[in-house]
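Report on the following structure.
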Amino acid sequence: MALVVVLDTNILTVPAQFGVDIFSEAERVLERNIEFVVLDSVVMELERNLKSTTGKEERWFKIALDLVERCRIVRLPDALQSIPVDEGILEYAKSSKGVIATNDKGLKERAISQGTPVLYLRGKKRLQLMGFIV
């Protein structure tokens with residue numbers, strides 16, 4: 001069974017910003033079969049950001065949306081549709097016993113405090129795991 005890695009908005013912009021292949025890096029760090037997951041709310045956030053930015057940031061969001069095609073897009077149950085994006089990521093990762101991939105400091109801290117492992121960008125070159133996979 002594949003390990004679920006839930007990607008958030010800012011980790012999806014890493015390849016465009018820093019030239020890091022987050023997919024192969026995640027496989028290198030986790031050393032197992034991975035299923036990359038993006039919540040539909042993250043896709044909507046990327047689309048909103050794309051419409052509201054210009055220049056290099058616009059390019060980051062275009063590339064991020066292209067990367068989403070390599071992931072399984074998940075819609076949370078209707079009861080959870082109104083919660084903030086980060087809360088949805090936390091809930092989905094916890095329920096699937098997965099890992100969250102993020103550079104968001106607040107999300108990273110909340111995930112670790114709840115026992116959910118986090119993949120994050122270290123030194124603008126590679127991903128690193130914080131926490132333990134059960």
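Numbers for the structure displayed
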{"item": "Net charge contributed by nearby residues that have their C-beta within less than 14 Å of L107 (K/R +1, D/E -1)", "result": "-3"}
{"item": "Nonlocal amide H pairs with V4, under 5 Å, H built at 1.01 Å", "result": "E35, V99"}
{"item": "Given charges at Cβ of Lys, Arg, Asp, Glu: the chain dipole, positive-most of L3, T13, L129", "result": "L129"}
{"item": "Charge context of D21, other residues only, Cβ under 14 angstrom, K/R +1, D/E -1", "result": "+2"}
{"item": "Dipole of the chain, positive end: most advanced residue of L119, L90, P77 [Cβ charges, Cα centre]", "result": "L119"}
{"item": "Along the chain, longest interval not containing exposed GluC sites (Glu not before Pro), exposed being DSSP loop plus at most 13 other Cβ atoms within 10 Å", "result": "70-134"}
{"item": "Largest-first ellipsoid semi-axes for segment 56-113, taking √(5λ) over the Cα gyration tensor eigenvalues, angstrom", "result": "22, 16, 12"}
{"item": "³J(HN,Hα) computed for each position of segment 42-56 - Karplus, 6.51 cos²θ - 1.76 cosθ + 1.60, integer Hz, glycine/proline x", "result": "5, 4, 5, 5, 4, 5, 4, 4, 4, 6, 9, 10, 9, x, 5"}
{"item": "Distance in nm between pseudo-label sites at E47 and A79 (7 Å out along the Cβ direction from Cα)", "result": "2.6 nm"}
{"item": "Rounded to whole Å, sorted largest first: equivalent-ellipsoid semi-axes of the chain, Cα gyration tensor", "result": "21, 19, 13"}
{"item": "Dipole moment magnitude, nearest 20 debye, the chain about Cα centre, only Lys, Arg, Asp, Glu C-beta charged", "result": "420 debye"}
{"item": "Cα-centre dipole for segment 90-131 with unit charges at Cβ (Lys and Arg positive, Asp and Glu negative), debye to 20", "result": "260 debye"}
{"item": "Range in the chain, longest, excluding exposed trypsin sites (Lys or Arg not before Pro) [loop by DSSP; at most 15 other beta-carbon atoms within 10 Å]", "result": "33-69"}
{"item": "Estimated FRET transfer efficiency (E57, R32; beta-carbon r; R0 30 Å; 0.05)", "result": "0.35"}
{"item": "In Hz, Karplus ³J(HN,Hα) per residue of segment 114-119 (6.51, -1.76, 1.60; θ = phi - 60°; x = Gly, Pro)", "result": "9, x, 9, x, 10, 9"}
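No value in this document is a laboratory result; all are computed from the given coordinates. On a predicted model such as this, the values are computed, not experimentally measured, just so you know. Virtual Cβ from ideal backbone geometry, glycine too; neighbours counted across all protein chains shown.
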